[in-house]
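Novice: One structure follows; several queries about it will come next.
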Amino acid sequence: PDLKWETTYSHNVGLDFGFWNSRLSGSVEVYQSNTKDLLIQFPVKGSGYDNQYRNLGEVQNRGLEVTLNAALVRKQNWGIDFAANISFNQNKVIDLGGLEQIQMYTEMFSSEVAYDYVVTEGRPLGDIYGFTNQGMYTVNDFNFENGVWVLKEGIADSSDITGAELRPGAPRLADSNLDGKVDNGDIKRIGNVQPLFNGGFSLSAYAYGFDLSANFTYSYGNKVYNGNKIDFSTIRNIARQNVLNTMSPDNRWTNIDWATGEVVDDPALLEAMNAGKTMWTPYSTRRLAQSWAIEDASFLRLASLTVGYTLPEKWTRKIYLSKVRIYATGTNLFCWTPYSGYDPEVDTRRKTPLTPSVDHSAYPKSTGWVFGINLSF
């Protein structure tokens, strides 16, 4: 009975402009939006439930939006129009109702070790926390003594966190707090999902009966937590679990002589076998959030493309029609992105808005085509 709706207060100042009989037009808008009385799970002490929904806290969005429309060419038989918009938004947590921070769990494999998202006053939403990946241990990191691999002095042991056998080829994590060991004290912020800016633009044209319209969307600076890279690059205790092609024998470290099936412990032979390898051995008993899985998900997407042709009027009159247009529309035809997953626009952990932009087994966007005819009687 004590819960109520969240409340948003918005303020904006805008300027609309047009020049040359609106051949060039657009708008510039500055805004600030504050949302208060957020519905947040507040940690409570005692037995029973660990959390209780309460109205508390405040989040602010402040930014700039610019829109531009231009008629580049306007002739009787052909023309070109261009439109674009860009948005810069700064997100900030103003208040958490007395809490310094809220540690959130995506409730997937990366939560086996610790939390993987943190909400902090003064910071934007979408801070991802985890370990800094340093690749893998190599032969040069060890001394091989009496049949045992022993880390050299000054090199921190990651095996308590990763659960991997401590030997060359095992995944290596950074000792971020420089205390000589890798543990939960080395968890730190490894990325944020908020973009620096995003928007879209479109180009439309017509010429001698043909028409074209192309619509693009883009985002720059946003990150995605690629959970697939962690889940499908670790064999764990399941011998036949699928792994990504990044973990193929051509890429990853191996401790096995494939000709004999025996474990290799000779340092020189082991180093020669794995020359040029870039990935660690996939066997591990624990999966965890790490910087290797935080990827740049900037993108440029051709959201839709339409091409049409309108038959000459002298043809359509013969069949008693005023207009006949044939067209084809394609959607999601192209996406340029450095992101290694299927789709940079992904959010699979939607139970709470405090763990955004997680990619885990998301179904990729499909490409679609529509063909049609417009008839005007």
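The values are calculated or read from the model by the stated rules, or taken from the named source; none is laboratory data. In this text the structure is predicted, and so the values were computed from the model without any measurement. Ideal geometry is used to build each Cβ from the backbone, glycine not excepted, and the neighbour counts take in all protein chains shown. Just so you know, the surface numbers come from the protein's heavy atoms only, side chains and all, with ligands and any DNA or RNA stripped out. Shrake-Rupley method; radii C 1.70, N 1.55, O 1.52, S 1.80 Å.
Novice: Let me spell out the model: positive unit charges on the Cβ of Lys and Arg, negative unit charges on the Cβ of Asp and Glu, origin at the Cα centre of the chain. What dipole size does that give, in debye rounded to 20? Present the calculation step by step, with values, prior to reporting the outcome.
Specialist: Details: 34 positive and 41 negative charges, 467 e Å.
Computed charge dipole of the chain: roughly 2240 debye.
Novice: Same structure, new question: With just the Cα atoms defining each centre, how far is the stretch 1-35 from the stretch 218-268? Give it in Å.
Specialist: Each part's Cα centre sits 48 Å from the other's.
Novice: Here's another thing I want to ask about it. Just to confirm the filter: which trypsin sites (Lys or Arg not before Pro) across the stretch 41-103 are DSSP coil and have at most 12 other Cβ within 10 angstrom of their Cβ? Numbers along the way, then the final one.
Specialist: Working: sites: Lys45, Arg54, Arg62, Arg74, Lys75, Lys92; in loops: Lys45, Lys75.
Loop-located and lightly packed - Lys45, Lys75.
Novice: Oh, and also: Mind checking the full-extension length gain between Val30 and Asp16? Use 0.36 nm per residue of separation minus the Cα-Cα distance, one decimal, nm.
Specialist: Values: separation 14, 0.36 × 14 = 5.04 nm, distance 1.20 nm.
Separation in residues times 0.36 nm, less the Cα-Cα distance, equals 3.8 nm.
Novice: Among Trp315, Gly46, Ser22, whose Cα lies farthest out toward the positive end of the dipole of the chain, if unit charges sit on the beta carbon of Lys, Arg (+1) and Asp, Glu (-1)?
Specialist: Trp315
Novice: Further question: Counting other Cβ atoms within 10 Å of each Cβ, which trypsin sites (Lys or Arg not before Pro) in the stretch 110-183 have at most 10 and sit in a DSSP loop?
Specialist: Details: sites: Lys152, Arg172, Lys181; in loops: Lys152, Lys181.
Of the trypsin sites (Lys or Arg not before Pro), the ones in loops of the stretch 110-183 whose Cβ has at most 10 other Cβ atoms within 10 Å are Lys152.
Novice: Name the lysines eligible as straight-distance cross-link partners of Lys75: C-alpha to C-alpha under 27 Å, and not fewer than 8 places from it in the same chain.
Specialist: Lys314, Lys323
Novice: Take every Cα-Cα distance within the stretch 204-260, group them into 5 Å bins from 0 onward, and report for each bin the whole-number percent of pairs it holds.
Specialist: All Cα pairs, binned at 5 Å, distribute as 4, 11, 13, 13, 10, 7, 7, 7, 7, 7, 6, 4, 3, 1, 0 percent.
Novice: Apply 1/(1 + (r/R0)^6) to the Cβ-Cβ distance of Val148 and Leu212, taking R0 = 51 Å, and write down the FRET efficiency to the nearest 0.05. Don't skip to the answer; put the middle values down first.
Specialist: Values: r = 69 Å, r/R0 = 1.35.
For R0 = 51 Å, the calculated efficiency reads 0.15.
Novice: Could you tell me which residue out of Asn198, Gly169, Gly185 lies farthest along the dipole of the stretch 165-206 toward its positive end? Charges go on the beta carbon: Lys and Arg +1, Asp and Glu -1, centred on the Cα centre.
Specialist: Asn198
Novice: Run the Debye formula on the Cα coordinates of the stretch 196-343, all scatterers equal and no solvent, and tell me log10 I(q)/I(0) at q = 0.11, 0.13, 0.19 1/Å.
Specialist: -0.68, -0.79, -1.13
Novice: So what's the back-of-envelope 222 nm ellipticity for the chain, counting only DSSP H runs of four-plus at -39500 (n - 2.57) apiece and dividing by all residues, rounded to 500? Before the final figure, lay out each step's value.
Specialist: Values: 4 runs with 20 residues, N = 377.
Calculated from helices alone, the mean residue ellipticity at 222 nm is -1000 deg cm²/dmol.
Novice: Also: In whole percent, how big is the carbon plus sulfur part of the accessible area of the chain, probe 1.4 Å, protein atoms only? Write down the numbers at each step before the final one.
Specialist: Values: 11640 of 21660 Å².
Whole-percent figure for carbon plus sulfur exposure: 54.
Novice: Once you have the Kirkwood Rh of the chain from its Cα pairs, apply Stokes-Einstein at 10 °C and 1.306 mPa s and quote D in µm²/s.
Specialist: So the translational diffusion coefficient is about 63 µm²/s.
Novice: Going by Cα centres, the stretch 275-337 and the stretch 53-78 are how many Å apart?
Specialist: That distance is 22 Å.
Novice: Ala71 to Leu196: extension gain in nm, 0.36 nm per residue of separation minus the Cα-Cα distance?
Specialist: Values: separation 125, 0.36 × 125 = 45.00 nm, distance 2.86 nm.
Answer, rounded to one decimal: 42.1 nm.
Novice: Taking a point 7 angstrom from the Cα of Gln241 along the C-beta vector, which residues in the stretch 107-149 have backbone N less than 15 Å away?
Specialist: Residues 108-113 qualify, since their backbone N sits under 15 Å from the label point.
Novice: What accessible area per residue comes out for the stretch 169-301, rounded to a whole number of Å², with a 1.4 Å probe? Before the final figure, lay out each step's value.
Specialist: Working: 6550 Å² over 133 residues.
With the other protein chains kept in place, the stretch 169-301 gives 49 Å² per residue.
Novice: Which of rounded, prolate or oblate describes the stretch 146-185 when judged by the alpha-carbon gyration tensor and an a/c cut-off of 1.5? Please report the intermediate quantities before stating the final value.
Specialist: Values: a/c = 2.45, a/b = 1.49, b/c = 1.65.
Verdict is oblate for the stretch 146-185.
Novice: Report the full-extension gain for the segment Ala268 to Asn184: residue separation times 0.36 nm, less the Cα-Cα distance, to one decimal in nm.
Specialist: On the way: separation 84, 0.36 × 84 = 30.24 nm, distance 3.41 nm.
Full extension of this stretch gives 26.8 nm more.
Novice: Shifting gears a bit: Taking the Cα-to-Cβ direction at Gln41 and at Tyr363 and moving 7 Å from each Cα, how far apart do the two end points lie in nm?
Specialist: Computed distance between label sites Gln41 and Tyr363 equals 2.6 nm.
Novice: For the stretch 158-190 and the stretch 123-156, what is the separation of their Cα centres, given in Å?
Specialist: Each part reduced to its Cα centre gives a spacing of 5 Å.
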